[in-house]
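Engineer: This is the structure I have questions about; it appears just below.
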Amino acid sequence: MMLDWKFEEVPAALVEQELTQRDQFNNDDVGLAEALDREVAQNSLDARKNDAAVKLRIELRSLASTEAAELRSLFESLRPHLAASGVDSSPLDRSEARILVIEDFNTTGLTGRYDQLDEGHFNSFWRRHGRSGKGGKSGGRWGLGKLVFSSSSQIRVFFGLTAREGESNALLMGQAVLSNHMIDGRRHPAHGFWFRDRAPDNLQLPVADEAIVQRMRSLLGFTRSAQS
């Protein structure tokens, strides 16, 4: 199976649920940049490892024509979904590309099972909306703050790379958060994933292939090596 963007087909019998929370990140009270800063800092602090000081690295990275073309090639299968959702795909046609890179250090990574559903942080981040595993005084308890990542992208897309403590292979996945849409008479949800393989129960699996991960590290400008 090729790496690709996939949106599941929604059965006709299911109630359609639309995303309505994006406006909370860019209004008179909280600007998008401020909301992004808050979410990034809170997520990293909540995943702090052994009470160590958390380090954040944020870079606005520009890709020249060759690298931009390579990045653009990853989104061909996403274009019909962008069009059906009313999202402008013209940023994909520019000769250069801009990427916002955010990394944290001295954190545990997204822990928990990634090949089946559980209550771990991996599933909470990638596979839940409107519900969070956080409690008490942890930030983002409603599970909506992560919408700020896709909202910060003109094409509503982000990639996530997690290096989990005690594991040698990093895990990479992409997510697009658009709107409910229809293509060729088939209903699709707002959330779609960039991935290659599926679990036996059809769950989307993150990419663990070292060659692919290393190429994406280089292309997207990640600096993390062995740190979780």
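Engineer: Hey, which of the strands (runs of 3 or more DSSP E) in the range 153-196, taking only ones fully inside, have at least 1 residues that are open to solvent by 20 Å² or more (accessible area, probe 1.4 Å) and in contact (Cβ under 8 Å) with a residue 24 or more places away in the chain?
Structural biologist: Filter on the range 153-196 gives 157-162, 181-183, 186-188, 191-195.
Engineer: Here is a further query. Identify all residues within the range 30-40 that are among the aliphatic types (A, V, I, L, M) and farther than 18 Å from Ser228 by Cβ; write none if there are none.
Structural biologist: If the condition is that a residue be among the aliphatic types (A, V, I, L, M) and farther than 18 Å from Ser228 by Cβ, then Val30, Leu32, Ala33, Ala35, Leu36 are the ones that fit.
Engineer: Which one of Glu76, Glu59, Glu39, Glu67 is touching a Lys or Arg at 6+ places or on another chain (Cβ under 8 Å) and charged (D, E, K, R)?
Structural biologist: Within the list Glu76, Glu59, Glu39, Glu67, the selection yields Glu39.
Engineer: Further question on the same structure: Hey, could you check the range 197-212 for residues that are of a type in the set (A, V, I, L, M) and part of a helix (DSSP H, G or I) and say which is surrounded by the fewest Cβ atoms within 10 Å (Cβ to Cβ)?
Structural biologist: In this case the residue turns out to be Ala211.
Engineer: Go through (1) at pLDDT 95 or above; (2) more than 23 Å from Gln116 (Cβ to Cβ); (3) not acidic (Asp, Glu) and name the single condition Arg217 misses.
Structural biologist: Only one criterion in (1) at pLDDT 95 or above; (2) more than 23 Å from Gln116 (Cβ to Cβ); (3) not acidic (Asp, Glu) is unmet by Arg217, namely (1).
Engineer: Now a separate question. Does Gln154 qualify as being under 18 Å from the mean Cα position of the chain (by Cα), more than 30 Å from Asp201 (Cβ to Cβ), of a type in the set (S, T, N, Q) and modelled with pLDDT of 95 or more?
Structural biologist: Spelling it out, Gln154 is indeed under 18 Å from the mean Cα position of the chain (by Cα), more than 30 Å from Asp201 (Cβ to Cβ), of a type in the set (S, T, N, Q) and modelled with pLDDT of 95 or more.
The values are calculated or read from the model by the stated rules, or taken from the named source; none is laboratory data. This structure is a prediction, so every number in the text was calculated from the model and none was measured. Neighbour counts are summed over all protein chains in view; Cβ atoms, including those assigned to glycine, are modelled from backbone coordinates with ideal geometry. We work out accessible area using only protein heavy atoms, side chains counted, and drop any ligands, DNA or RNA first. Shrake-Rupley method; radii C 1.70, N 1.55, O 1.52, S 1.80 Å.
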